[in-house]
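The values are calculated or read from the model by the stated rules, or taken from the named source; none is laboratory data. Please read all numbers here as calculations on a predicted model, not as lab measurements. Cβ coordinates were reconstructed from backbone atoms using ideal geometry, including for glycine residues, and neighbour counts include every protein chain displayed.
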Amino acid sequence: MLELVGVKSGYGPIEALKGIDLQVGEGEIVALIGANGAGKSTCLKTIVGLLRPTAGQVRFCGQDTLGLKPQQLVAQGMSLVPEGRRIFGDLTVGENLGLGAYLTASRAQVQLDLAYVFDLFPILQERQKQRAGTLSGGQQQMLALGRALMGRPKFLLLDEPSLGLAPLIIKEIFAMIQRINREQKTTILLVEQNAHLALKTAQRAYVLESGVLTLQGLAKELLGNKEVQAAYLGLV
Amino acid sequence: MNEGVAYFLGICFSGLTRGSIYALMALGYTLVYGILSLINFAHGEVYMIGAFVGLVFAGLGTILGLGPVANAALALGAAIVWAGAYGFILERVAYRPLRRAPRLAPLITAIGMSLFLREFVILAQTSDFVAFPPLFEALPSLPQGWGEFVLPSELLILCSTLAVLFGLYLLVQHSKMGLAMRSIAQDPEMARLLGIDVDKIISFTFVLGSALAAVGAVLISAQIGQINANIGFIVGIKAFTAAVLGGVGSPGGAALGGLVLGLTESLAAGYLSSDYEDGFAFLVLVLILLFRPAGLVGKNLPEKV
């Protein structure tokens, strides 16, 4: 589904990714873990076309994405739920979801997708007419996820979906992430600071440190890895 | 009818007519500001060009022997298309290349474009006043008594403006395009991540604002009967005042601000002195900036100029 080959990227003279190779296969949940400032968000921004790689190649469904704009990648089935949720606070919950379906031409399809999102997150249906800014943090994260799903993505990128949320809500949201992967066969790249949670959810994982991938493997194995335990899981 | 009442109503109607034009113009400022946080200072010139195009095509229609309704439609249609094209090109040439530049840069190109377009019309056309063809001659006269305080053309302008405002409300609040515009106003990067072609929506907004300006220009020029290359400047400044008065970035506020400003001017001219008409418009601007900088219906302070 997605392949990064020797990708370097960053902001102006600052190189946040120093050449990384990463693959995400169809139907997988892959986690990308690492500390604050390791380059995780830069990696996602480069994949969705907000940043241009300065070297290397990003391939989506076998095609080089260089020069494609974010809206073109969205049209090809990519969808990013950015860090901080970035819902449109002044618009209603319903309007936010409607924007997620911006590229869906068929009204019937939109209704089907909406029904699925409401089935996943019933609270969004109750709050449909409410201003999105008045939702709680957890509900806003559900809205951000729901909005992304309205575009029927083949490939979903999640940036820190657990950030700032209460443990119970996190559990609920991660259960839904796994359900989306199972039911819709959506491929997911999950970026998380909460390494334990990410490794429990994903099948495979990469560890990013200062712009370089230092470890990779099955999520279960990484959970047992001494280095990972010491650095990211708070176990010694 | 009592003479004083008729005088008062007459002033109100002429104020609302003038305010209608400010409202149509202010919407152009506010829609663009809402999306780009940019004051398009060349907007007044697009209005002026709309008036000139209306004049040319109304003259053409007269030569071709079109009826009054067909002629007005031709003038209005041509002005809308032409001004829309100017708005589109203006954004491409003066603002898009500076999308990532410091905020001062597009402000300077806006003023530059304003001066350029005015001088261009002066060179290509004339710096003198030219007579605008009377498009409203064929309007039916009003019922007995109304004629004491309102002209048929004033009512037509007022009703057309209200119809346009209602259409715009439907577009912004209840269409997919309007939803995209509102989402970009809040978070353009997120809008792109949902597949919205932000540049296309920005272009559309400029075309829309310019079309509104052209409607206002043709209507009021036909009412006043003469135009020159400088009419855009003063109307532009007044409409900007109206946009600030209503709360820049808020379409409802712009419409309200335009009508309030037109009424204020008209009342000041009618009861105090017409010499101070413009002075009162700007007095309103100063007072608003002092006491209610977010405008009548605005909620947050504009952070960019």
**Request:** Would you mind stating whether B:LEU142 is aliphatic (A, V, I, L, M), away from chain A (no Cβ under 14 Å) and closer than 20 Å to B:ALA23 by Cβ?
**Result:** no
**Request:** Taking only region A:181-236 into account, find how many residues are of a type outside the set (Lys, Arg) and on the phi > 0 side of the Ramachandran plot.
**Result:** 4
**Prompt:** Going by the conditions given, is A:LEU163 buried (at least 17 other Cβ atoms within 10 Å of the Cβ) and either at pLDDT 95 or above or among the hydrophobic types (A, V, I, L, M, F, W, C) (or both)?
**Reply:** no
**Message:** Based on this model, can you work out whether A:PRO53 counts as closer than 30 Å to B:ALA180 by Cα, surrounded by 15 or more Cβ atoms within 10 Å (Cβ to Cβ) and within 16 Å of the chain's Cα centre (by Cα)?
**Reply:** no
**Complete:** Exactly one of A:GLY67, A:GLY6 is free of Cβ contacts under 8 Å to residues at least 24 places away in the same chain and either over 29 Å from A:ARG182 (Cβ atoms) or within 14 Å of the chain's Cα centre (by Cα) (or both), and that one is A:GLY67
**Asked** Identify, please: which residue in region A:90-102 is facing chain B (nearest Cβ under 7 Å) and within 22 Å of the chain's Cα centre (by Cα) and is, among those, surrounded by the most Cβ atoms within 10 Å (Cβ to Cβ)?
**Response** A:GLY100
**Item:** Identity of the residue in region A:64-89, of a type in the set (Lys, Arg) and surrounded by 18 or more Cβ atoms within 10 Å (Cβ to Cβ), that ends up nearest to the other protein chains (Cβ to nearest Cβ)
**Value:** A:ARG86
**Message:** Looking only at region B:86-103, count every residue that is aliphatic (A, V, I, L, M) and without any contact (Cβ under 8 Å) to a residue 12 or more places away in the chain and tell me the total.
**Reply:** 3
**Request:** Could you list all residues from region B:120-159 that are surrounded by fewer than 13 Cβ atoms within 10 Å (Cβ to Cβ), closer than 25 Å to B:GLU45 by Cβ and free of Cβ contacts under 8 Å to residues at least 40 places away in the same chain?
**Result:** B:LEU123, B:ALA124
**Request:** Output the residue which, of all residues in region A:123-143 that are in contact with a Leu (Cβ under 9 Å, 6 or more places away or on another chain) and within 14 Å of chain B (Cβ to nearest Cβ), is farthest from A:ILE188 (Cα to Cα).
**Result:** A:ARG131
**Request:** Being farther than 22 Å from A:TYR116 by Cα and in a helix (DSSP H, G or I) is the filter here, so list the residues in region A:152-181 that pass it.
**Result:** A:PRO167, A:LEU168
**Message:** Just to verify a result, which residue in region A:71-92, among those that are of a type outside the set (A, V, I, L, M) and part of a strand (DSSP E or B), is nearest to A:SER41 (Cα to Cα)?
**Reply:** A:SER79
**Request:** Could you pull out the residue among A:GLU221, A:GLU126 that is surrounded by fewer than 23 Cβ atoms within 10 Å (Cβ to Cβ), without any contact (Cβ under 8 Å) to a residue 12 or more places away in the chain, outside the structural domain of A:VAL7 (by TED's automatic domain parsing) and over 30 Å from A:GLY10 (Cα atoms)?
**Result:** A:GLU126
**Request:** Would you point out the residue of region B:1-35, among those that are of a type in the set (Gly, Ala, Ser) and surrounded by fewer than 20 Cβ atoms within 10 Å (Cβ to Cβ), that is farthest from B:MET181 (Cα to Cα)?
**Result:** B:GLY4
**Request:** Just give me the residues in region B:81-98 being of a type outside the set (Gly, Ala, Ser) and surrounded by fewer than 22 Cβ atoms within 10 Å (Cβ to Cβ), in sequence order.
**Result:** B:VAL81, B:TRP82, B:PHE88, B:ILE89, B:ARG92, B:VAL93, B:ARG96, B:PRO97, B:LEU98
**Asked** Of all the residues that make up region B:270-300, how many are free of Cβ contacts under 8 Å to residues at least 60 places away in the same chain and assigned to a helix (DSSP H, G or I)?
**Response** 18
**Item:** Flag for A:GLY138 being touching a residue at least 40 places away in the same chain (Cβ under 8 Å) and surrounded by 13 or more Cβ atoms within 10 Å (Cβ to Cβ)
**Value:** no
**Request:** Please find, among A:ALA105, A:ALA115, the residue that is part of a loop (DSSP other than H, G, I, E, B) and more than 10 Å from every other protein chain (Cβ to nearest Cβ).
**Result:** A:ALA105
**Request:** Just one of (1) farther than 29 Å from A:ILE170 by Cα; (2) of a type in the set (Lys, Arg); (3) more than 10 Å from chain B (Cβ to nearest Cβ) trips up A:LYS40, so point out which.
**Result:** (1)
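Listed here are the residues, each with its yes/no results for (1) in a helix (DSSP H, G or I); (2) touching a Phe, Trp or Tyr at 6+ places or on another chain (Cβ under 7 Å); (3) modelled with pLDDT under 95.
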| site | (1), (2), (3) |
| --- | --- |
| A:GLU15 | no, no, yes |
| A:ALA31 | no, no, no |
| A:ALA35 | no, no, yes |
| A:GLY49 | no, no, yes |
| A:LEU68 | no, no, yes |
| A:GLY94 | yes, no, no |
| A:LEU97 | yes, no, no |
**Conditions (1) on the phi < 0 side of the Ramachandran plot; (2) of a type outside the set (Asp, Glu); (3) within 14 Å of chain A (Cβ to nearest Cβ): number failed by B:ILE237** = (3)
**Prompt:** On the given criteria, is A:GLY27 on the phi > 0 side of the Ramachandran plot, in a strand (DSSP E or B), of a type outside the set (Phe, Trp, Tyr) and in contact (Cβ under 8 Å) with a residue 40 or more places away in the chain?
**Reply:** no
**Fill in**
The helices (runs of 4 or more DSSP H) lying entirely within region B:146-206 that contain at least 2 residues which are within 8 Å of chain A (Cβ to nearest Cβ) and under 30 Å from B:ARG100 (Cα atoms) are B:176-186, B:188-193
**Asked** Taking region B:62-80, which residues are surrounded by 19 or more Cβ atoms within 10 Å (Cβ to Cβ) and either within 13 Å of B:SER160 (Cβ to Cβ) or touching a residue at least 60 places away in the same chain (Cβ under 8 Å) (or both)?
**Response** B:ASN71, B:ALA72, B:ALA75, B:LEU76, B:ALA79, B:ILE80
